[in-house]
Structures are given as C-alpha cells and as structure tokens.
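Data first, discussion second: the structure below is written as structure tokens.
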Amino acid sequence: DNLVSQVLKIPFLKRIKLCQNWHRQAINRFAELSRVKDYAENEAIIHNGSFSDSFYVILEGDAFVMIGGKRVAVIHPGGYFGEIGLLQNSNATAKVVAQVGTRCLSIPRVDFLRFVAHNYSVALELERVSSKRLGRPIFPLSPGNFRQL
C-alpha cells in the first residue's frame, strides 16, 4: 500500500483543495492512513443517522448527498464528507450514495481524529467547512462553556 500512496494518493492529494495549504508531511501521513475503497453504483457510503466511523475523500467518480430522500448536493473528486459526525462525535447528518465508478480514500475514526489533533491548520479548515455545511458553528460556544478559574 506504500507504493499506492506514492503513485496514486500523494499526487492526488497535492492537487485537491482540501490539502492546498497542508505541509508535505501532513499529505504523506494522510496518504499512509487512508485506504482506497471501491463502491458499486447506488451503494450507500454513509447512511443518514448512522454512527460516523470514517472520513472520506472522493478519489474517482461522484457521490450524491441525500437528505429526506432528496438529492441536495453532488460530491466530485477531491470533495470530502464524514467530518461532521467525526468532529461532533455524532451520527451522520445525510446519506451519501456512490455513482458509477466511485472510489474513495477513507480514514477510520481513530486515525482521523489523531491526524486532525496533530495538524492544527487541517482542524481549522475542517471546522470552517463543517460549520458552513451545517449552517451553524460545529462547535458552538456559549457563555457557560468556559468556567472561571
């Protein structure tokens, strides 16, 4: 799988928006942690309401984001999903369905959270995008969140 990382994953990651500001070591580590998985047409990659167990980046093909049985978005190569449930330790907020020829890079929950914890700029970018997708802060702060020392 190291050869796959060198030949396929690293050049792909260097090209996509998600990784545009990442340090070379972060891209290499992400490539090491991720696995390539193929999906059949109309196969659910994530089910709405299911516990989020991985972070996904579309490598090839497209995926539809479904909410309430309606297609609300299309994720193209370089697009990613699964971060909201992982960052909030919650269930998936939508169903994501593979289309013809969909392949994803996926990173299991524990590896993803460890990666984000060690890469501050990655964490900030994911927080920004997740909050935009939710239409509210992913980590809402209120006056009671911080206690006086």
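Rounded to the nearest 20 debye, the dipole magnitude of the chain is 440 debye, with +1 charges on Lys and Arg beta carbons, -1 on Asp and Glu beta carbons, and the Cα centre as origin. Measuring nothing but protein heavy atoms, the accessible surface of region 49-93 at 1.4 Å probe radius is 53 percent carbon and sulfur. Using the Karplus relation 6.51 cos²θ - 1.76 cosθ + 1.60 with θ = phi - 60°, the per-residue 3J(HN,Hα) values for region 12-17 come to 4, 4, 5, 8, 8, 4 Hz, with x marking Gly and Pro. When you restrict to C-alpha pairs under 8 Å that are six or more residues apart and normalise by the size of the chain, the relative contact order lands at 26 percent.
For region 100-108, backbone phi angles converted through the Karplus equation (6.51, -1.76, 1.60; θ = phi - 60°) give residue-by-residue couplings of 4, x, 6, 10, 10, 8, 10, 10, x Hz, Gly and Pro being listed as x.
When 96, 72 are compared by accessible surface with a 1.4 Å probe, the order from highest to lowest is 72, 96. Label point of residue 113 set 7 angstrom out along Cα-Cβ; within region 16-55, amide nitrogens under 15 Å from it belong to 51-55.
Would you list 102, 93 from the most to the least accessible area, probe 1.4 Å? Working shown, then result.
Working: 102 0, 93 70 Å².
Largest accessible area first, the list is 93, 102.
State which entries of 95/132; 14/70; 37/70 exceed 22 angstrom in Cα-Cα distance in the structure shown. Mind showing how you got there, number by number?
On the way: 95/132 18 Å; 14/70 33 Å; 37/70 25 Å.
Where the Cα-Cα span goes over 22 Å, the pairs concerned are 14/70; 37/70.
The values are calculated or read from the model by the stated rules, or taken from the named source; none is laboratory data. Note that this is a predicted model, so its numbers are computed, not measured. With ideal geometry, Cβ positions are generated from the backbone for all residues, glycine too; neighbour counts draw on all protein chains shown. Heads up: the accessible areas ignore ligands, DNA and RNA and are worked out on the full protein's heavy atoms, side chains in. Shrake-Rupley method; radii C 1.70, N 1.55, O 1.52, S 1.80 Å.
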